[in-house]
Structure formats: structure tokens, C-alpha cells
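The values are calculated or read from the model by the stated rules, or taken from the named source; none is laboratory data. Just so it is clear, the structure is predicted and the values come from calculations on it, not from any experiment. Virtual Cβ from ideal backbone geometry, glycine too; neighbours counted across all protein chains shown.
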Amino acid sequence: MCHFVRARLLSTYHFLSIHSNQDDACTLLNRCFGQIAQLTNDENTCIKPVYTNHDEKFRGEQEYQNQIFYPIHQQLAEYK
């Protein structure tokens, strides 16, 4: 899980450093981590502490993008 979160943090930071300012980056990261925390409590989520194969990791990546990052990024103006 630590590697998954670190990888998401670095990819999000890279995206934000190109497309927005520091305040937006902080808001987006805080919202993303909050959403990750909520999803990790759900046993049926694809975001897991350990991935046993590439397909599971790929599904986790897709879930992160579709359920966390992109929806939060689209609502960033409302969060500010």
C-alpha cells in the first residue's frame, strides 16, 4: 500500500506541477488521500494493501484514476 500511495503522490505532483499552482496541488492531494482512506476501508475495492499480480495492480490504477483523481480534479474549483 505504501508504494501504491507513493506512486500516486508522485504522479499527482508531476501532473499538478505542470497544470496548476501550489494551493490547488495541496487541495487536490488532500482530497485524493481522503478518498483513498475511505476506499481502503471497503473490502470490495480494487485498491488493496498488497497486489499479487499485474492485473490487480492495473485495476487498482484504473480505480484510482476513475474513482479518485479525475472526479476530484474535475471538482477542484468547488473544493476551493
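Look through region 50-67, keep the residues that are within 17 Å of residue 3 (Cα to Cα) and either of a type in the set (Asp, Glu) or in contact with a Leu (Cβ under 8 Å, 6 or more places away or on another chain) (or both), and return whichever of them is surrounded by the most Cβ atoms within 10 Å (Cβ to Cβ). Checking each candidate, the answer is 61.
Residue 27 fulfils the conditions (1) polar (S, T, N, Q); (2) over 23 Å from residue 56 (Cβ atoms); (3) surrounded by fewer than 13 Cβ atoms within 10 Å (Cβ to Cβ) except for a single criterion, (3). Filtering region 64-78 to residues that are within 17 Å of residue 21 (Cβ to Cβ), modelled with pLDDT of 85 or more and among the aliphatic types (A, V, I, L, M) leaves only 72.
So, of the residues in region 21-77 that are assigned to a loop (DSSP other than H, G, I, E, B) and among the charged types (D, E, K, R), which turns out to be nearest to residue 10 (Cα to Cα)? Ranking the qualifying residues of region 21-77, first place goes to 48. Given the structure, is residue 47 surrounded by 10 or more Cβ atoms within 10 Å (Cβ to Cβ), within 12 Å of the chain's Cα centre (by Cα) and at pLDDT 80 or above? No.
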